[in-house]
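Colleague: Let me give you the structure first, and then I'll get to my questions.
The values are calculated or read from the model by the stated rules, or taken from the named source; none is laboratory data. Please read these numbers as outputs of a predicted model, since none were measured by experiment. Ideal geometry is used to build each Cβ from the backbone, glycine not excepted, and the neighbour counts take in all protein chains shown.
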Protein chains: 2
Amino acid sequence: MVKKISILGSTGSIGTQTLDVIRQYNDMFEVNLLTTNSNIDLLYQQILEFKPKKVLINNETKYNEFQDLYKVDCEVFGGREDLLSLCSDKETDLLVSSLVGFSGVEPTLNAINSGVDVALANKECLVSAGKLITKSAKKKNVKIYAIDSEHNAILQCLVGEESSFIEKLILTASGGPFRSLEKSKFKEITIKDALNHPNWSMGSKITIDSASMMNKGLEVIEAYWLFGISPDKIDVLVHKQSIIHSMVQFVDGSVKAQLGLPDMRVPISYALTYPMRFKLDVPRLDLVKISELNFEKPDLEKFECLKLAYSVLNEDATKAIILNAANEIAVESFLQEKINFVDIPKVISEMLNKISSNNLEELEEIIELDRKTREFTYNYIGNK
Amino acid sequence: MVKKISILGSTGSIGTQTLDVIRQYNDMFEVNLLTTNSNIDLLYQQILEFKPKKVLINNETKYNEFQDLYKVDCEVFGGREDLLSLCSDKETDLLVSSLVGFSGVEPTLNAINSGVDVALANKECLVSAGKLITKSAKKKNVKIYAIDSEHNAILQCLVGEESSFIEKLILTASGGPFRSLEKSKFKEITIKDALNHPNWSMGSKITIDSASMMNKGLEVIEAYWLFGISPDKIDVLVHKQSIIHSMVQFVDGSVKAQLGLPDMRVPISYALTYPMRFKLDVPRLDLVKISELNFEKPDLEKFECLKLAYSVLNEDATKAIILNAANEIAVESFLQEKINFVDIPKVISEMLNKISSNNLEELEEIIELDRKTREFTYNYIGNK
C-alpha cells in the first residue's frame, strides 16, 4: 500500500533529506503536501520531481511571487490559516513535522487531532507541549515517530520489546566542542568556538545548544514525554564519536544500542517505514575503521543547561516551556554578542525562578507562557 | 502460566547458571527434569532446592551410588536409553540442552521431534547436525533459542524485526590471548599461554578454541544454520572487551547491538523468557567505567581455524562435522603436548582434504562421520 506523506518544511534540512529518502523508495510513497516558508525556487523543483497534490507557501510575499513566476499542476496555498487547515487533512497517512520552532506545534497538533500519524522533527512539540501532544496522540491512537537520531535509536531498540521491560534509557551525547574544556575556561568561549561542532553540521541555534548541552537536556525532556519514563530512568552518556545514537537498558541487565554513521536519512527512513525497513543507499558503518568508541560521564557542573533540564522535569515538566523559550532568547543574545556563553544557563535559571507556571495543558496557555517568557528574557538581558 | 523446564547437564556450568536464573524467578518456572553425568552430590542439592519431577544420572556406577546414598521424592532414572526417552517427554515446555559434545545431539533431536522448544548451549547440535536439527525444528514448528552470548545477542537484536531486513550479522570476538601476537611467534605458544583467556573463564577445550579463534568459526557455522544466512553475510569483528556481544546490520544501514558485562545468566534468562524479559539480579553495564570499546579486523592468516570454518561453509556446510571432530582431537592432542598450537589448523585442514562427505543429513551418517574423523585424526597425529 502506498503511504501518503505530507512534509511541513520540505525545503529545510529535514525536509530535503526526507525527500532524499522518498526518492530512493519509488512507488512506496506518494507526496500529498509540501510546505515552505519562503524558498519557492526549491519548492518548485520539488513539485516537478515529487508531484505533490498540494503545496503551501507560508510567507505572503513569496506566495504571490510564486504565483507570478511558476505554473504548476498542483493546488497552491498560502499563509498560516491554510497551513493549519491543511494539517487537519485526513488524506495524509504520515505527517513529517519539520517546521522549526514554536510555530510547528499547532499544525502538528491539528494533524494528531485528525488521527494522522506524525514523524516528528519539531522540538517544541514535545519540549513545550509534550503533555498536550502526547495526551492528544493517545486519545486519537496516533503514533509519533521521533526523527532525531537519539529518540529514533530508542524506538529501534524498543521494537518487539514492551515498555515494562525498560530499566533505563541512555541518551548518548557528543559532548560538543567543550567536552574537554576546563570549567574555568568557559567564560572565554567565543561564538566561533561554540559554532565549531565536532560531528554534526547543523544550524547555529542547535549548534550552540549542542555546545551548552542544552540540546541533550531538551532531548531528555522529549524522551520523558515520548516514552513515558521518569527522569531518574533517563541517563545521558557522553560518547564523542556519535556512533551509538542511544541505548536502552532492560530489567534483565541486557542493553540494546542502535549504531550508525551520523546520517539523518537513516532515522528519517525508519520513521517513514516503521516497523518495516527498506534498503537505503547510505554509507555503511565500518567499526574497524572507527576503531574506538569512548564514553564519559557528563559533567553537570560544567554543563549547567543539562542540569536545569533535569531540575525542570523533577519539579514540573510543563515548565520546560520557560526553559526552552528563555534558552532561545539567551542563545540569540549570545550570537549577537549581548551575553557570554556562561550567561546562557544563568539567564534561563533566573527566568525559571521568576516566571511561574502551573502544569499547563491548553495550547493557548502554552503559547502565552512561551511569549511571556521571551519578552521577560529580552527585557532581562536588555537591562543587565 | 508456569513454564516447565528440563535441563540436560544441570550440574555443569550452563546448568547451574540456568538454575541460578530460575531461582530468581520463583513461581514462573517448574523444573521437570534434571540430568547429570556423575555429579550426584550437587544433583542431590538441586533436587532439594528445585524439586524436579524426574532426575537422571547418566553414569551407571554413579546411578547406583546415588540410589544407595540418597532418598528423594522424585523419579530417578539412569543411563543413555532413559535419557533419550525422557527427552521425548512432551511434559517439558522448554529443554535446556547443555550437554557437552556430540552426545547432546540425539537427546536434543528427540525433544525437537516431540515438539519441545529448545534453549541450546550444545555446540554440536548446530555445528555437526545443523541441517538435520533446523529441518526437524521447522517441521515441528519448534523454536531454538541459542544460549551463547553471540547468537543470543543477535536474537535480541532481531526481536520485532523481519529476517528480510538483515543485511549482515556481525559476530564479535574477543580475539583471545593471541590477538596482538605476531604470526611468527605462534609456533612458540605454550599450553599455559593458550589457557590464559583475557575475558571469560571457561573449560580448557573452549579456551583453546577461543585462542585459535575456532570458537568463532564454529559460531559462524551456528549462525549460518540458526538464522539461515549465507556465509558472506556473516562478519567477525574483533572486540577485545567482550562488551558488545554481537550486532545486526539492517538493509537501511542501521546497526543494532546487544551489550552487557560478560555474564551467561543474561542470555540464559532471555532464552528462558523470550520474548519477555524479567528483572534479573546481575551486575549492570557501566560504560563510563568501561570507558572504551575497541574494534579490529580478524587476521585470517594468523587465525587459520576461522578461515577453515568459512571455507567449509562455502563448500558444503555439513563438512563442519569433520572440522569439529578433527578440531576436538587436535585440541586434545595439543593439551597432551602431542602437537603444537600451530598444528591445530594443519591437522584439521588435512582431515578436511582426506575425508569425504556428501551433504549428510541422517543422524546415523553424521554420528559415523564424526566417529570416523576422530579415528582418522588420532591415527594421523599418532603417525606424525
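Colleague: In this structure, does A:Leu132 turn out to be touching a residue at least 40 places away in the same chain (Cβ under 8 Å) and within 30 Å of A:Leu360 (Cα to Cα)?
Modeller: Taking the combined requirement at face value, the residue satisfies it.
Colleague: From (1) within 22 Å of the chain's Cα centre (by Cα); (2) more than 18 Å from B:Ala121 (Cα to Cα), pick out the condition that doesn't hold for B:Ser6.
Modeller: It fails just one condition, (2).
Colleague: Name the single residue that is surrounded by the most Cβ atoms within 10 Å (Cβ to Cβ) among those in region B:299-326 being of a type outside the set (Lys, Arg) and within 19 Å of B:Lys187 (Cβ to Cβ).
Modeller: The extreme case among them is B:Phe303.
Colleague: Quick check: is even one residue across region A:215-234 surrounded by 23 or more Cβ atoms within 10 Å (Cβ to Cβ), out of contact with any Cys (no Cβ under 7 Å at 6 or more places or on another chain) and at the interface with chain B (Cβ under 10 Å from one of its Cβ atoms)?
Modeller: no
Colleague: Pairs under 6 Å by beta carbon, first residue within 27 Å of B:Ser210 (Cα to Cα) in region B:159-172, partner modelled with pLDDT of 95 or more and in a loop (DSSP other than H, G, I, E, B), six or more apart or different chains?
Modeller: B:Glu167/B:Val251; B:Leu169/B:Ile229; B:Thr172/B:His239
Colleague: Please return the ranges of helices (runs of 4 or more DSSP H) entirely within region A:272-349 where 2 or more residues are within 14 Å of chain B (Cβ to nearest Cβ).
Modeller: The helices (runs of 4 or more DSSP H) meeting that bar are A:287-290.
Colleague: How many residues does region A:256-271 hold that are in a loop (DSSP other than H, G, I, E, B) and either closer than 30 Å to B:Arg265 by Cα or in contact with an Asp or Glu (Cβ under 6 Å, 6 or more places away or on another chain) (or both)?
Modeller: Of the residues in region A:256-271, 1 are in a loop (DSSP other than H, G, I, E, B) and either closer than 30 Å to B:Arg265 by Cα or in contact with an Asp or Glu (Cβ under 6 Å, 6 or more places away or on another chain) (or both).
Colleague: Follow-up. Taking into account only those residues within region A:225-247 that are of a type outside the set (Val, Ile, Thr) and part of a loop (DSSP other than H, G, I, E, B), which is nearest to A:Lys135 (Cα to Cα)?
Modeller: It comes out as A:Gly228.
Colleague: Pick out the one residue from B:Tyr310, B:Tyr380 that is within 20 Å of the chain's Cα centre (by Cα), among the aromatic types (Phe, Trp, Tyr) and over 23 Å from B:Gly104 (Cβ atoms).
Modeller: Result: B:Tyr310 is the single residue among B:Tyr310, B:Tyr380 that is within 20 Å of the chain's Cα centre (by Cα), among the aromatic types (Phe, Trp, Tyr) and over 23 Å from B:Gly104 (Cβ atoms).
Colleague: Here's another thing I want to ask about it. If B:Val248 satisfies every condition in (1) surrounded by fewer than 22 Cβ atoms within 10 Å (Cβ to Cβ); (2) out of contact with any Gly (no Cβ under 9 Å at 6 or more places or on another chain) but one, which is the exception?
Modeller: The failed condition is (1).
Colleague: Then there's this: Among the numbered criteria (1) in contact with a strand residue (DSSP E or B) (Cβ under 9 Å, 6 or more places away or on another chain); (2) within 27 Å of A:Val282 (Cβ to Cβ), which single criterion is violated by A:Asp20?
Modeller: (1)
Colleague: When only residues in region A:313-335 that are polar (S, T, N, Q) and at pLDDT 95 or above count, which is farthest from A:Gly382 (Cα to Cα)?
Modeller: That would be A:Asn314.
Colleague: Let me ask another. Looking at region A:1-27 only, could you name the residues that are farther than 18 Å from A:Val55 by Cα and in contact with a Phe, Trp or Tyr (Cβ under 7 Å, 6 or more places away or on another chain)?
Modeller: Matches in region A:1-27: A:Val2, A:Tyr25.
Colleague: Since B:Gly253 meets every condition but one in (1) facing chain A (nearest Cβ under 8 Å); (2) out of contact with any Cys (no Cβ under 8 Å at 6 or more places or on another chain); (3) outside any loop (DSSP other than H, G, I, E, B); (4) not polar (S, T, N, Q), which condition does it not meet?
Modeller: Single failed check for B:Gly253: (3).
Colleague: Could you run through region A:254-268 and say how many residues are more than 22 Å from B:Ile154 (Cβ to Cβ) and either crowded, with 17+ Cβ neighbours inside 10 Å or charged (D, E, K, R) (or both)?
Modeller: 5
Colleague: Specify which of the listed residues (A:Asp252, A:Asp299) is over 22 Å from A:Ala173 (Cβ atoms), among the acidic types (Asp, Glu) and over 18 Å from the mean Cα position of the chain (by Cα).
Modeller: A:Asp252
Colleague: OK, next. Please state which of the following conditions A:Lys90 fails to meet, knowing it meets all the rest: (1) in a helix (DSSP H, G or I); (2) exposed (fewer than 14 other Cβ atoms within 10 Å of the Cβ); (3) modelled with pLDDT under 95.
Modeller: (1)
Colleague: Out of (1) touching a residue at least 24 places away in the same chain (Cβ under 8 Å); (2) within 14 Å of another protein chain (Cβ to nearest Cβ), the odd one out for A:Ile208 is which?
Modeller: Only one criterion is unmet by A:Ile208, namely (2).
Okay, residues lined up against (1) within 14 Å of another protein chain (Cβ to nearest Cβ); (2) touching a Leu at 6+ places or on another chain (Cβ under 7 Å):
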residue	(1), (2)
B:Val72	no, no
B:Ser85	no, no
B:Ile133	no, yes
B:Ser136	no, yes
B:Ile147	yes, yes
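Colleague: Another one. Hey, could you check region B:353-368 for residues that are within 22 Å of the chain's Cα centre (by Cα) and not in a loop (DSSP other than H, G, I, E, B) and say which is surrounded by the fewest Cβ atoms within 10 Å (Cβ to Cβ)?
Modeller: Checked region B:353-368; the qualifying residue surrounded by the fewest Cβ atoms within 10 Å (Cβ to Cβ) is B:Glu364.
Colleague: Before we move on, is A:Leu48 surrounded by 15 or more Cβ atoms within 10 Å (Cβ to Cβ), closer than 25 Å to A:Leu272 by Cβ and either aliphatic (A, V, I, L, M) or in contact with a Lys or Arg (Cβ under 7 Å, 6 or more places away or on another chain) (or both)?
Modeller: no
Colleague: Looking at B:Thr18 and the list (1) β-branched (Val, Ile, Thr); (2) in a helix (DSSP H, G or I); (3) surrounded by fewer than 22 Cβ atoms within 10 Å (Cβ to Cβ), which single condition is not satisfied?
Modeller: (3)
Colleague: Right, something else. From the residues in region B:256-271 that are within 7 Å of another protein chain (Cβ to nearest Cβ) and hydrophobic (A, V, I, L, M, F, W, C), which one is farthest from B:Thr172 (Cα to Cα)?
Modeller: It comes out as B:Val266.
Colleague: Look at A:Glu150 and say whether it is of a type outside the set (S, T, N, Q), surrounded by fewer than 24 Cβ atoms within 10 Å (Cβ to Cβ) and modelled with pLDDT of 95 or more.
Modeller: No, not satisfied.
Colleague: Could you check, for region A:158-176, whether at least one of its residues is among the β-branched types (Val, Ile, Thr), within 14 Å of chain B (Cβ to nearest Cβ) and surrounded by fewer than 22 Cβ atoms within 10 Å (Cβ to Cβ)?
Modeller: Yes.
Colleague: What is the one condition in (1) in contact with a strand residue (DSSP E or B) (Cβ under 6 Å, 6 or more places away or on another chain); (2) β-branched (Val, Ile, Thr); (3) buried (at least 20 other Cβ atoms within 10 Å of the Cβ) that B:Val2 does not satisfy?
Modeller: (3)
Colleague: Does at least one position in region B:202-224 carry a residue that is part of a loop (DSSP other than H, G, I, E, B) and either at pLDDT below 95 or β-branched (Val, Ile, Thr) (or both)?
Modeller: yes
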